[in-house]
Structure formats: structure tokens, C-alpha cells
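The values are calculated or read from the model by the stated rules, or taken from the named source; none is laboratory data. In this text the structure is predicted, and so the values were computed from the model without any measurement. Every residue, glycine among them, receives a Cβ derived from its backbone with ideal geometry; neighbour counts consider all protein chains shown.
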Amino acid sequence: MLQSPLGMVKFEAANTIVTLTSSAAVIKAAGTAYIQLITTESDNNVKLIALDHFDKLRERHGGILDDLAVDLLKVLSNSGIEVKNKCLKIVMVLTSQRNVNEVIGILKKELKDTMNSESEIAGEYRGLLVQTIHSCAASFPEIAEQVVKLFLGVISEFSTASAADAIAFMSEVTEKFPALRGELIKDLLSTLPEIKGSKALRMALWVLGEYSEDLETVMASWKCIMDEIGELPLLAQEMREQQGDMPDGGQDEYGERQTGSSSRRVLADGSYATESVLDTKASKTSTMLVKHNIRQLLLEGDYFVGVVLASVLTKLTLRLAKLNPQDTQLNSLVAQAMLVMVGVVRVGQSTFVPAPIDEDSYDRVLSCIKALEFMDDDYEDLQLAFLEESHDAFAKLIKAREEREMQTKEVSTKQVDTDISSPIEFRLLAPKGPANDVEDVDLVASELPENALGGSVTKLDNIVQLTGFSDPVYVETYLTVHQYDIVLDMLVVNQTNDTLRNVTIEFSMLGDLKLVEKPRSYNLAPRSFSSVKAVIKVSSTETGVIFGDLVYDGPSTSESHCIVFNDLHIDILEYIRPAFCDEAKFFSMWSEFEWENKINVLTNICDLRQYLDLLIKSTNMACLTPQSNLCDDIENDCGFLAANLYARSIFGEDSLMNVSLEKVGPTSPVTGHIRIRSKTQGIALSLGDKISQAQKLTLTKSHSQANPPAQTPATPSFSSPLLA
């Protein structure tokens, strides 16, 4: 049946056979059937469902499906961008030492094919391929060099984000593998004129300043950077263009020279007319300006490039002084570097740029000028600040990123280690008690909610009362939240002495909730009870509300009654899972997402980290900011804290949060604001409500501690005689 031409038969056969046996051959056959179904079906929804089942099969039987990674890449040819994205994520997990070369070869071919494609998703698909190849090369260092050369060879065709990701990967490889630095720097020098984006160019300049270690490489990097700057001083060409070219005909805003000519012509009616011709020719100086990337970005007002340029020139000069070159050569390079830095400041203060230079950039460039001015007196301190501490900070950043990736991988592949001699425990036969928690060793138990596995947790702890005890009909429900649906197990008790006819339970939903099947009507005998189940499908991550009522007929035919249920609120945290992503992807999603919810911080908490921990706990999000960038002790507390948080729902929806906190004094409460962004409005609003509730709880708790309630005599409590 796995070879059936019908897709439905093949799909059901693969689902059924993996539940009957765990044989490696059978698991591979089922995986192959899923792949064949994905490649033959044209509906993207069917492909996504089959990929989900293939991924679940991979999670249960790790290592068996690694050989199918190359076959799964065939899905990339004729699929939508969502299918491509999910397929590449699964392939990343299936890639091993045995098949990494084949996987990288196919991804290279796909990357080159996107260069000639003019489809709408070509740019986005190219970015996914770059990220996947980046992750593969980071996991398998033996292919890192060829991947870097591949990226540098086609970096001119990349988008701004993909080019920055490629240069970031190169800097990581250059740090991890010192033996490859010389070859990689040479490749970067030949590619530098093709890098157009500001962020990618800044990162490339930083790599040249950080890893140009010998005299030959330092001089080659210096020459390449100066070629990209152009003629010095920086405003010389612009001044000539403004003062010398205008009398010859002037230039337009694009730097093109305009010359005009006129002549007299005779019209058809015998009158005279003047005909004017405007000839536009590109100016030589403007062509020269467009040619140099660094110069063009500076004239566009990108002063961050100027700051990085000043820092790189300072590093190259200090390293050149460390290598003991000739004094005349060193003095010449110092003068040239200071001329460039002064030119950056003059560009920011001139009328050729759209906005003046900011104070931070001005101070940074000025500090680099002073560093070169007093280089002979403070050489050791400058070498420590520019060469050693800068490199150590980047090395720590790479190490922290690797540790975080390892933690994420451990969480995703977490398994319960059991001793081979330990006894087998049956969950249904285990006695009730906190000390008798058992492990889920079968597939059915693994799909149960977490609160159903503990021996001390029963249905009585999660019962929600829908009607009152004094109502003619008492209704309570046990609400179970599964991954994609909600199950309501309701107990209906007739507290009257009459037979209730046509007892009907009706529900209405607020949010993306849908009732799968309406409960049927039935009759209820006097003083009896019945059990009713309702299944509600969840399609998105939003806080939903379930409204309901119970309608029944009394003893007489004309008598009808209605009891309104209490509202059931579905918690959004049931669907949100903490996740991790790199900085480039976070900022890319931040610029794409259109829904934003801004919340002001209102709390009595006086510790910045304590408030951040409260946010993480109340929203179930993961902090992307490294712990080294957060103040852990009071001595290094600067009074400010900025962090990025990220989470992903079980439906694949991303949630982003930016936290900006400030504390004025040691005993003052935390102030600031929180910004939440997502693709849908519901997630942003729901997370905002969660944060507001957490802040109200802290205010209420502090108020109750400050004003304790007066002692009142105890009152007896009564329990309901009804048993669930």
C-alpha cells in the first residue's frame, strides 16, 4: 500500500505502519512514501501536512532517516516558499557527516539557479538558502572554506540581509580557523568593491582591520580601502563639481551635466519658432563618486560607515607600528588616516549630505584622531583597547552564541535517560502521590498534556464550574488543551425531581476557535447526571473566549428554560513556546511585522533583572540578548537594560518583544516601555494583556504587604456534595 498511486492511500498506510513496528526498514519506507507524496502532490497544504508527519517520524526515530536528506531536497524544485522553508529546516537536522557534501552541493546548485530567476520569491528563497548553508557550514567545519568562497563569489547578487549574513559567517569562520585567515582575507579584498550594502560593508571593513596580521596583508588591506574611498581630501571632487562645472552648463541633482542648444524653425503657417534641445551627459566626477562604495555611503549620510572606517584605519596603523616598519612609511600612513578621519567629520558638517553628523559618531571619530595623535605616548594602552580587547569581545560573543545553540539543540532533542536495569513502571498502575511520577514510555503518553502525567494531578484540580450550585442544572467541565484542539469534558447534573427533555448545550466562540461537532440533544432523568464532550479546533495563537448556555424543556411542552454558562478564557501561553533566532533574522522580522503593541512599564519592582525575569515568565518567551550584556551584579548596574525576546507558536507564528528599562535611583521603581510585534493583531494584544496582568499582580502584592488585612474570625467552609 506504500506504493499505491493514490496519495490518500499512501499517506494512511505510512501513518499506520509506523505505529505497528519500529523496524528501520519500515521507518525508511514510510519516510520515502512521505517524500513521494510531497513531490507528486501540487497542493501546498498537503505538502505541509506530509512534511509535519515526516518531521514527527524523524523525532521519534532519530538517525534512521538521515539517508533521506538528499531525497527530501527534491521537494525544493516545485514548491511554495513555506514548503521550502520547512523542508530546509528538516534537512538541516538530517544533515550528518556522511551526506553533508551532497547536501551542500545541491544547495549550491539551488543558490546559483536563484541568480537567474526572476520570480517574486527568488530573493526570499535565496536568503533561506544562505541561512541554511551558513548553518551547515557552522556545524561541519570541513566545508567552511568552500562555503565562504561561494558566498564571496556571488555576494554582488545577494540582498542586503543575505550579504550581511554571508560576511557575518565569514567573520565567524575567520575567528574559529586561524589557518584560513590569510586565504580568506585575500578573497575578501578581491570582493570588497562588489559589496554595496552598508551593513555588509561595515562588517567587511571590521574583518580587514581585525585579521590583517602580517605586513603584506596590512598594506594590501590599506590599499584596497583607500581605493574604495577615492580621491583625498573627501570633499575635493564635490567642491570642484560645485564651483568649476556650473559655468559650463550646470549639473542636475544626479550629477549629470546639462548643455542646451537652440535653433529657429519655420512652421507650417509661415511663422517662426525657436526649438531648444537639452543634452544631458554624465559628469566624470559623478561617475567617479558612484564607483567608490565607501565614499558614496558617506555622502548619503551613513556616518556609521565613517565610524567603522576610522576604527579600522586606527587598528591597521597600530598593527603596522607593532610590526616595526620604516618611520617614513608609518608617518605617511598616519597622516593619510588622519586626513580620512577629518574628511569624515567635514562631510558630516557640509551641505553635501542630507543630515549633519550625530554626536556619537563625531565623538568616536574624534577619539580615533586623538589616538593616532598620541600614539607614541600611549601605544600600549591603545594596543590593548583597539587590538586585544576588541578581539576578545568578539571571541566571547562567538562562544556565547555556540553555547546558546547547544542549549537550544539539547532542549529540542531532550530525551529521558533510563538505566537498563531500572524496573518498568506502568503509569495506570502507579499509586497516587508526588513521589510516584512516572515517565511516558509509549507514544500515547507522549501526546498527553504535561499536567496529565503527574500522579498528584487529577481532573479535580482542573475543573471549571460553568453554572451555580443553586441552578436547576449543575454543569462543570474539565478543560484539556491539546496542541491544536480543546476538549471540554462536561458533567451535567439534574438537581430537580422532573425529567428534563431536549437538553441542549450550545457554544459560541470569540477568536479563531471553531466547534467541531455540536453536542446532541438528550433527555435527563430526575436526580441523574450525564457526561458530554465537545471538541473545539484552534487555528491561531490568540486569546479566545468560549461562551455557552444550556437549553432544556420542562415537564410541560410550552415550558422552556435557558441557563447561561460562565465564560471560558483560553490562555495564549498554552500555544507559545520559547524559541531562538539570530540577530539578523530578528531585525528582519521586526521590520516586516506591521502589528505593534506598546506598553508602559508600571510596577513597584526596583531591580531591572527581576522585572525582565517576570516578563520572561509571564509571556513564556526566550531572551535573545546574551547574559554577558545584561547587568548581573549591583556594582556593574548602569541603570539601563535593553533586551530582545522571541517566541514561536505551535502554528508557526512569530512573536517579537523589545524591552527598554531604566532605573533612576537605587530604590526607585523600574520605568520604561515594552514593544511587541507580530504578524497578527491578536498575538500582540494578547501578550500585552499578559504583561498588564503581571504588572497589576506586582502592584497588588506590594500594596497588600504594605497594608496587611485586619484579623477576622474564621468562617466555616462548605463543600459541594457533587462528585465528578
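Output the residues belonging to the range 504-541 that are of a type in the set (Asp, Glu) and either touching a residue at least 24 places away in the same chain (Cβ under 8 Å) or surrounded by 12 or more Cβ atoms within 10 Å (Cβ to Cβ) (or both). Quick ask: steps written out before the conclusion?
Kept after step one, since they are of a type in the set (Asp, Glu), are these residues of the range 504-541: 506, 512, 517.
Answer for the range 504-541, where residues must be of a type in the set (Asp, Glu) and either touching a residue at least 24 places away in the same chain (Cβ under 8 Å) or surrounded by 12 or more Cβ atoms within 10 Å (Cβ to Cβ) (or both): GLU506, ASP512.
Kindly provide the set of residues from the range 70-113 that are closer than 18 Å to SER139 by Cα and among the aliphatic types (A, V, I, L, M), ordered by number.
Once the filter is applied, which keeps residues that are closer than 18 Å to SER139 by Cα and among the aliphatic types (A, V, I, L, M), the range 70-113 yields VAL70, LEU88, ILE90, VAL91, MET92, VAL93, LEU94, VAL100, VAL103, ILE104, ILE106, LEU107.
Kindly indicate whether ALA337 is buried (at least 16 other Cβ atoms within 10 Å of the Cβ) and closer than 17 Å to GLU228 by Cβ.
Taking the combined requirement at face value, the residue satisfies it.
Testing GLY62 on (1) surrounded by fewer than 12 Cβ atoms within 10 Å (Cβ to Cβ); (2) not in a helix (DSSP H, G or I), one condition comes back false. Which one is that?
Result: GLY62 fails condition (1) only.
For (1) at pLDDT 90 or above; (2) assigned to a loop (DSSP other than H, G, I, E, B); (3) under 22 Å from LYS399 (Cα atoms), each residue gets a yes or a no:
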| site | (1), (2), (3) |
| --- | --- |
| PHE580 | no, yes, yes |
| LYS585 | no, no, yes |
| MET589 | no, no, no |
| ILE599 | yes, no, no |
| ASN604 | no, yes, no |
| GLN610 | no, no, no |
| LYS617 | no, no, no |
| SER628 | no, no, yes |
| ASP633 | no, yes, yes |
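So, of the residues in the range 182-228 that are of a type in the set (Lys, Arg) and part of a helix (DSSP H, G or I), which turns out to be surrounded by the most Cβ atoms within 10 Å (Cβ to Cβ)?
Within the range 182-228, the first condition is being of a type in the set (Lys, Arg), and the residues that meet it are 186, 196, 199, 202, 223.
If we keep only those that are part of a helix (DSSP H, G or I) too, we end up with 186, 199, 202, 223.
Values: LYS186: 13, LYS199: 20, ARG202: 23, LYS223: 10.
Among those residues, the one meeting the criterion is ARG202.
Within 19 Å of ALA163 (Cα to Cα) and among the small types (Gly, Ala, Ser): which single residue out of GLY127, GLY63, GLY80 fits that description? Spell out how you get there, then give the answer.
Details: GLY63 fails: within 19 Å of ALA163 (Cα to Cα); GLY80 fails: within 19 Å of ALA163 (Cα to Cα).
Result of the check over GLY127, GLY63, GLY80: GLY127.
Scan the range 6-27 residue by residue and report those that are farther than 17 Å from VAL75 by Cα and surrounded by 16 or more Cβ atoms within 10 Å (Cβ to Cβ). Let's see the steps before the verdict.
To start, the set of residues in the range 6-27 that are farther than 17 Å from VAL75 by Cα comprises 6, 8-10, 12-27.
Answer for the range 6-27, where residues must be farther than 17 Å from VAL75 by Cα and surrounded by 16 or more Cβ atoms within 10 Å (Cβ to Cβ): LYS10, ALA13, ALA14, ILE17, VAL18, VAL26, ILE27.
Name the residue that is farthest from PRO5 (Cα to Cα), counting only residues in the range 34-82 that are under 27 Å from the mean Cα position of the chain (by Cα) and small (Gly, Ala, Ser).
The extreme case among them is GLY62.
Just to verify a result, which residue in the range 111-144, among those that are farther than 23 Å from GLY197 by Cα and not small (Gly, Ala, Ser), is surrounded by the fewest Cβ atoms within 10 Å (Cβ to Cβ)?
Among residues in the range 111-144 that are farther than 23 Å from GLY197 by Cα and not small (Gly, Ala, Ser), the one surrounded by the fewest Cβ atoms within 10 Å (Cβ to Cβ) is GLU142.
When you look at LEU232, is it in a loop (DSSP other than H, G, I, E, B), of a type outside the set (S, T, N, Q) and out of contact with any Phe, Trp or Tyr (no Cβ under 9 Å at 6 or more places or on another chain), yes or no? Full working, then the answer.
Working: in a loop (DSSP other than H, G, I, E, B): yes; of a type outside the set (S, T, N, Q): yes; out of contact with any Phe, Trp or Tyr (no Cβ under 9 Å at 6 or more places or on another chain): yes.
Criteria met by LEU232.
Take the residues in the range 294-307 that are within 14 Å of MET203 (Cα to Cα) and surrounded by 22 or more Cβ atoms within 10 Å (Cβ to Cβ); name whichever of them is nearest to the chain's Cα centre (by Cα).
Only one residue tops the list, namely VAL305.
Evaluate the following for GLN3: is it surrounded by fewer than 17 Cβ atoms within 10 Å (Cβ to Cβ) and either of a type outside the set (Val, Ile, Thr) or under 26 Å from GLY652 (Cβ atoms) (or both)? Steps first, please.
Numbers: surrounded by fewer than 17 Cβ atoms within 10 Å (Cβ to Cβ): yes; either of a type outside the set (Val, Ile, Thr) or under 26 Å from GLY652 (Cβ atoms) (or both): yes.
Judged against the criteria, GLN3 is a match.
Can you give me the number of residues within the range 600-631 that are within 20 Å of the chain's Cα centre (by Cα) and crowded, with 17+ Cβ neighbours inside 10 Å?
10
Residue-by-condition table, conditions (1) of a type in the set (Val, Ile, Thr); (2) assigned to a loop (DSSP other than H, G, I, E, B); (3) at pLDDT 85 or above; (4) crowded, with 21+ Cβ neighbours inside 10 Å:
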position	(1), (2), (3), (4)
ASN636	no, yes, no, no
MET657	no, no, yes, yes
LEU661	no, no, yes, yes
VAL664	yes, yes, no, no
GLY672	no, no, yes, no
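Are there any helices (runs of 4 or more DSSP H) wholly within the range 70-150 with 2 or more residues that are closer than 30 Å to VAL207 by Cβ and among the charged types (D, E, K, R), and if so which? Walk me through how you get there before you give the answer.
Working: elements: 81-94, 100-115, 122-139.
Once the helices (runs of 4 or more DSSP H) in the range 70-150 are filtered for at least 2 residues that are closer than 30 Å to VAL207 by Cβ and among the charged types (D, E, K, R), what remains is 100-115, 122-139.
Restricting attention to the range 571-586, does a residue exist that is in contact with a Lys or Arg (Cβ under 7 Å, 6 or more places away or on another chain), of a type outside the set (Asp, Glu) and under 21 Å from LEU128 (Cα atoms)?
Yes, the range 571-586 has at least one match.
Would you point out which residue out of GLY230, GLY197 is touching a residue at least 12 places away in the same chain (Cβ under 8 Å), more than 20 Å from ASP392 (Cβ to Cβ) and over 32 Å from the mean Cα position of the chain (by Cα)?
On the way: GLY197 fails: over 32 Å from the mean Cα position of the chain (by Cα).
Result: GLY230 is the single residue among GLY230, GLY197 that is touching a residue at least 12 places away in the same chain (Cβ under 8 Å), more than 20 Å from ASP392 (Cβ to Cβ) and over 32 Å from the mean Cα position of the chain (by Cα).
Restricting to the range 62-72, name every residue that is more than 17 Å from LYS89 (Cβ to Cβ) and in contact (Cβ under 8 Å) with a residue 40 or more places away in the chain.
Within the range 62-72, just ILE64 meets the criteria.
Using the structure shown, decide if THR39 is touching a residue at least 60 places away in the same chain (Cβ under 8 Å) and either of a type outside the set (Lys, Arg) or outside the structural domain of GLY123 (by TED's automatic domain parsing) (or both). Break it down into steps so the answer makes sense when it comes.
Numbers: touching a residue at least 60 places away in the same chain (Cβ under 8 Å): no; either of a type outside the set (Lys, Arg) or outside the structural domain of GLY123 (by TED's automatic domain parsing) (or both): yes.
Against the criterion (touching a residue at least 60 places away in the same chain (Cβ under 8 Å) and either of a type outside the set (Lys, Arg) or outside the structural domain of GLY123 (by TED's automatic domain parsing) (or both)), THR39 does not qualify.
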